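Everything below concerns the one structure shown next.
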There are 2 protein chains.
Amino acid sequence: MKSIGVHLMWDIHKVESDIISYEKDIAPVMEHIISLTTLSIENYSSKQFEPVGVTSIYLLSESHLSIHTWPEHGYLAIDLFSCVPIESDKITEYLKTLYQSEDVKMTQVMRGKSREMDTK
Amino acid sequence: MKSIGVHLMWDIHKVESDIISYEKDIAPVMEHIISLTTLSIENYSSKQFEPVGVTSIYLLSESHLSIHTWPEHGYLAIDLFSCVPIESDKITEYLKTLYQSEDVKMTQVMRGKSREMDTK
């Protein structure tokens, strides 16, 4: 099926709270994920919640990358919406190693159908 | 099941290209969606693609709202990730009326499980 975009979601549990509490530890992770792709950053916004917890969003030429962390639950959610193909396995492996968690779930949703497909 | 967040995705096809081509027409839609919720805006970023197409992302106190439009396909994708409950039906009705499309698909994904649930 020909889709317009691919939406990848990582739900990561059982993560040490300390390493997902502050923006300084999240920004390098997001940048590393982008380095594993061909995506280009257009804009970046981030919010440090008090006392802990971070939201960071990258507006990309090819859609967006977001992260939300809930240190109190040892949980973070990463979303990558892209209109170009992504090698998701490389990102999943990076996240498993980084967060030393085996509770990493990746969900892929195909988004939209091209007009080309509609007319066939 | 007790989740940390709810992720709502709207995939809307068969939309008149002219009304999803430019940022000036997208910002009011996003603001109206937020007005149908109890969500609070922390930050906003947007990109007008050339010749047409828009990405807008709102960083919210309760997660994020994003929109990507592909006027050449008559398609737009809206995502709302929230850690508070959302009355999604109201938003779906608004979008159907606004874009005069019956090809509006809403997908709901529950994101994360609370530690409270883990220990039960």
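So, A:L60, is that one within 13 Å of chain B (Cβ to nearest Cβ), touching a residue at least 40 places away in the same chain (Cβ under 8 Å) and not basic (K, R) or not? Explain how you work it out, then say what you get.
Working: within 13 Å of chain B (Cβ to nearest Cβ): yes; touching a residue at least 40 places away in the same chain (Cβ under 8 Å): no; not basic (K, R): yes.
Answer is no for this residue.
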Residues that are away from chain A (no Cβ under 12 Å) and in contact with an Asp or Glu (Cβ under 6 Å, 6 or more places away or on another chain), drawn from region B:1-27: B:I19
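Going by the conditions given, is A:Q100 closer than 19 Å to B:S63 by Cα and surrounded by fewer than 22 Cβ atoms within 10 Å (Cβ to Cβ)? Let's see the steps before the verdict.
Values: closer than 19 Å to B:S63 by Cα: no; surrounded by fewer than 22 Cβ atoms within 10 Å (Cβ to Cβ): yes.
Considered against the rule, which asks whether it is closer than 19 Å to B:S63 by Cα and surrounded by fewer than 22 Cβ atoms within 10 Å (Cβ to Cβ), A:Q100 comes out as no.
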A:T69 being facing chain B (nearest Cβ under 8 Å), without any contact (Cβ under 8 Å) to a residue 60 or more places away in the chain, closer than 20 Å to B:D79 by Cβ and surrounded by 17 or more Cβ atoms within 10 Å (Cβ to Cβ): no
Residue check, B:S45 more than 20 Å from B:I4 (Cα to Cα), touching a residue at least 12 places away in the same chain (Cβ under 8 Å) and surrounded by fewer than 21 Cβ atoms within 10 Å (Cβ to Cβ): yes
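Among the residues that make up region A:29-41, is at least one of them at pLDDT 95 or above, in a strand (DSSP E or B) and either closer than 24 Å to B:I78 by Cβ or over 12 Å from the mean Cα position of the chain (by Cα) (or both)?
Our first condition is that a residue be at pLDDT 95 or above; within region A:29-41, this holds for A:29-41.
In the following step, the residues that additionally are in a strand (DSSP E or B) were identified as A:41.
When the remaining residues are screened for being either closer than 24 Å to B:I78 by Cβ or over 12 Å from the mean Cα position of the chain (by Cα) (or both), the result is A:41.
So far as region A:29-41 goes, yes, one or more of its residues are at pLDDT 95 or above, in a strand (DSSP E or B) and either closer than 24 Å to B:I78 by Cβ or over 12 Å from the mean Cα position of the chain (by Cα) (or both).
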Residue list for region A:28-45, filter: away from every other protein chain (no Cβ under 13 Å) and either among the polar types (S, T, N, Q) or touching a strand residue (DSSP E or B) at 6+ places or on another chain (Cβ under 6 Å) (or both): A:M30, A:S35, A:T37, A:T38
Contacts under 7 angstrom Cβ, first residue in region B:73-87 being away from chain A (no Cβ under 12 Å), partner of a type in the set (D, E, K, R) and surrounded by fewer than 22 Cβ atoms within 10 Å (Cβ to Cβ), 6 or more apart: B:V84/B:E62
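The values are calculated or read from the model by the stated rules, or taken from the named source; none is laboratory data. Note that the structure is a prediction, hence the values are computed from the model and not measured. Positions of Cβ are generated from backbone atoms using ideal geometry, with glycine treated the same way; all protein chains shown enter the neighbour counts.
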